[in-house]
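Below is one structure, written out as structure tokens, with a few remarks after it.
The values are calculated or read from the model by the stated rules, or taken from the named source; none is laboratory data. These numbers come from a predicted model, not from an experiment. Every residue, glycine among them, receives a Cβ derived from its backbone with ideal geometry; neighbour counts consider all protein chains shown. Just the protein is used for accessible areas: all its heavy atoms, side chains included, with ligands, DNA and RNA removed. Shrake-Rupley method; radii C 1.70, N 1.55, O 1.52, S 1.80 Å.
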Amino acid sequence: MRNINSVKQEFLKKWIWGLRKYSSQKKNMSLMERKKAIKLSADLAMASTRNKSTRWSRALIANASRDGNNKVLTEHVSPSSSSPPQRPATRKSFRRIRSCRNMLIRRNRAAVHCRTKDRVVAASFVAKRLVQKRTRRLKSLLPGGESMDAESLVEETLDYIQSLRAQVEVMRRLVTASEIMILNPSGGEKEALPYIR
């Protein structure tokens, strides 16, 4: 990943641009519309800082571009350039893994006669089910995660977490700077500058 400070600066610029663009289209927004504008512009700014190099960033942009109201924001983030090709999910590899697993299970069933070994197999089965359940949950949380294999899912999740942390830190600093400016309108600009950078 690039230098985290340059990512934060780029995110802030794109986020503010998105907020301005969205608010210029709608003058009188309700609280819910404002909330949607903040979330949408933050998501698109965060995705655009990754330059479509990750699946989650492409998925965020694609999800936002499906809504016709978001065209202005998504066109700026996603010009007509084509996105890198995605590796299709193959069923063949899943079938191969499943058949090997079934073969191992049959072999284990025939070989295991001892109660302790049965308990180990049962614990292993429960552990596998738990991992599968958590993997499904993680896939549902990560944008574009539904079509990822386990290795890609871990890599993309780590990258997404880093981007979310940068986003949260920028938002916290912006809130702190705005609070300083509100509390001290005459000299608050000089105090607030270190929080924005």
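Between LEU31 and LYS71, what is 0.36 nm times their sequence separation minus the Cα-Cα distance? Round to one decimal in nm.
Going from the current span to full extension adds 12.3 nm.
If each residue of separation counts as 0.36 nm, what is the full-extension length gain between GLN162 and ILE182 once their alpha-carbon separation is subtracted? Intermediate values should be presented prior to the final figure.
Values: separation 20, 0.36 × 20 = 7.20 nm, distance 3.04 nm.
Answer, rounded to one decimal: 4.2 nm.
Going down the list LYS36/LYS139; LYS39/LYS139; LYS27/LYS139; LYS13/LYS71; LYS14/LYS52, which pairs span over 26 Å between their C-alpha atoms?
Working: LYS36/LYS139 23 Å; LYS39/LYS139 21 Å; LYS27/LYS139 37 Å; LYS13/LYS71 19 Å; LYS14/LYS52 15 Å.
Too far apart for the 26 Å limit: LYS27/LYS139.
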Note to self: with every protein chain in place and a 1.4 Å probe, region 116-176 gives an accessible area per residue in Å² of 71
Between the modelled labels at ARG136 and ASP118 (7 Å from Cα along Cα→Cβ) the distance in nm is 2.8
